[in-house]
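This report concerns only the one structure given below.
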Amino acid sequence: MRLLLVEDDPSISGPLASGLEREGFSVTVVDTGTAALEAEPVDVVLLDLGLPDLEGRVVCRELRQRSSVPILIVSARGDEIDRVGLLELGADDYLVKPFGFRELVARIHAILRRVGAAPSSDTHSAGPIEHAGLSLDLRSRQAAFHGDPVNLTAKEFDLLEYLTSDPGAVRTRDQIMREVWDEHWWGSSKTLDVHMASLRKKLSPEFIVTVRGVGFRLNEAAD
């Protein structure tokens, strides 16, 4: 699945492109509106509004006139976003910086599903993830533990999805904050401990194991 990332800040585009490539996308990065309009056809466009040469809205309109490629708009300021105006220009969705990486990936997959272009390897089209009594339905974002429904917040679900992607692996605190929160998260990592405590309460105290001085992993046989 080919993705065009239009972003003029290399401190953002570099880590973002690396993360998207880990998610299975083939990413082309350009830093101007002109380069975006000259790029080869792709399956989805991630377009920052603040470009050095052309206004992002102009680029969006031009891209839409040329093709039906899905376009996800990104803006650094919420008050720049005129949702109706962007939709009239042809944008499919938008995000305001800063945003979480997993939210971005979920938005991209949602757009691709809406236009019927989701990759066949998309995990959201697969069956539920099962581990030690936990069941996660990625498509409906519903969870159950030993058959009983569990009411999770969006971030709690993201945490479990990340940990169950490789349940035997120890995930460091930095890895979790980067992948589940954001590459550029500036808040306290104590929020991670709060979320882990909540998950243990909702599932079982033994389900998530703390590896002292490193991070967390899932228990292979939690009750």
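The values are calculated or read from the model by the stated rules, or taken from the named source; none is laboratory data. From a predicted model like this one, the values you see are computed outputs, not experimental measurements. Counting neighbours? That spans all protein chains shown, and the Cβs are built from the backbone with ideal geometry, glycine included.
Taking the criterion of being under 16 Å from residue 105 (Cβ atoms), of a type in the set (A, V, I, L, M, F, W, C) and part of a helix (DSSP H, G or I), the residues of the range 11-46 that qualify are 12, 16, 17, 20.
Filtering the range 197-214 to residues that are closer than 14 Å to residue 149 by Cα and of a type in the set (Ser, Thr, Tyr) leaves only 204.
Among the residues examined, residue 210 qualifies as surrounded by fewer than 19 Cβ atoms within 10 Å (Cβ to Cβ), part of a strand (DSSP E or B) and at pLDDT 80 or above. Of all residues in the range 51-72, those that are in contact (Cβ under 8 Å) with a residue 12 or more places away in the chain and within 19 Å of residue 107 (Cβ to Cβ) have Cβ atoms under 7 Å from Cβ atoms of residues that are of a type in the set (Val, Ile, Thr) and part of a helix (DSSP H, G or I), 6 or more apart or on another chain, in 70/111; 72/108; 72/111.
Going through (1) of a type in the set (A, V, I, L, M); (2) part of a strand (DSSP E or B); (3) out of contact with any Phe, Trp or Tyr (no Cβ under 8 Å at 6 or more places or on another chain); (4) modelled with pLDDT of 90 or more one by one, residue 95 falls short only on (4). Residues in the range 189-207 that are part of a helix (DSSP H, G or I) and among the hydroxyl-bearing types (Ser, Thr, Tyr): 191, 198.
Residue-by-condition table, conditions (1) on the phi < 0 side of the Ramachandran plot; (2) of a type in the set (Asp, Glu); (3) surrounded by 15 or more Cβ atoms within 10 Å (Cβ to Cβ):
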| site | (1), (2), (3) |
| --- | --- |
| 3 | yes, no, yes |
| 10 | yes, no, no |
| 16 | yes, no, yes |
| 25 | yes, no, yes |
| 32 | yes, no, yes |
| 43 | yes, yes, yes |
| 52 | yes, no, no |
| 59 | yes, no, yes |
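Out of all the residues in the range 77-89, is one or more modelled with pLDDT of 80 or more and surrounded by 13 or more Cβ atoms within 10 Å (Cβ to Cβ)? Taking every residue of the range 77-89 in turn, none turns out to be modelled with pLDDT of 80 or more and surrounded by 13 or more Cβ atoms within 10 Å (Cβ to Cβ).
Look at the range 194-207: where a residue is within 13 Å of residue 132 (Cβ to Cβ) and surrounded by 17 or more Cβ atoms within 10 Å (Cβ to Cβ) and a partner is at pLDDT below 95 and small (Gly, Ala, Ser), sitting 6+ places away or on another chain with Cβ atoms under 6 Å, you get 204/222; 207/222.
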